[in-house]
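Encoded as structure tokens, the structure appears first; notes follow it.
The values are calculated or read from the model by the stated rules, or taken from the named source; none is laboratory data. Every value quoted in this text rests on a predicted model; they were computed, and no experiment measured them. Here the Cβ positions follow ideal geometry from the backbone for every residue, glycine too, while neighbour counts run over all protein chains shown. For accessibility, only protein heavy atoms count, side chains too; no ligands or nucleic acids. Shrake-Rupley method; radii C 1.70, N 1.55, O 1.52, S 1.80 Å.
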Amino acid sequence: MTPTIPDPSQHGNAAIRLFSYGTLQLDNVQQMLFGRLVPMADDTLLGFESVTITITDPAVVGASGTETHLALVPAVPDAAIPGKTLEITAADLPAVDEYEGDNYRRVEVTLASGNTAFVYVKA
């Protein structure tokens, strides 16, 4: 399965799903990015594995509390990454894009639940 580059404008103001396997689940990160806590639900992403990367952006390190972050790379089809889907709007995505920076790229995937979601993978 090759992830596609999403076009969030097709979603308008409707709620969209963003799969998080790390710091986007943290209350302080959500407050910084969205100005609120967002609804989350458990889900799993198949076909990826995590690697660690070092983040140097002071704002990201300050919000997350660490320089070491996870990033996803393609793996065998039955590899599984547990996480949460965050319910956000397309208007929230630019803040997440900036937070994730050049270390990640946003793709659209199908989760184990059958739902589609955006997720940030290693650039």
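Numbers below:
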item	result
Exposure ranking of Thr23, Thr54, Thr110 by accessible area [1.4 Å probe, largest first]	Thr54, Thr110, Thr23
Positive minus negative residues near Gly65 (Lys, Arg vs Asp, Glu; Cβ under 15 Å)	-3
Only Lys, Arg (+1) and Asp, Glu (-1) charged, at Cβ; the chain dipole about Cα centre in debye	100
Accessible-area value, Arg106, 1.4 Å probe, nucleic acids and ligands omitted, Å²	40
For the chain: relative contact order, % (alpha-carbon pairs under 8 angstrom, 6 or more apart)	37
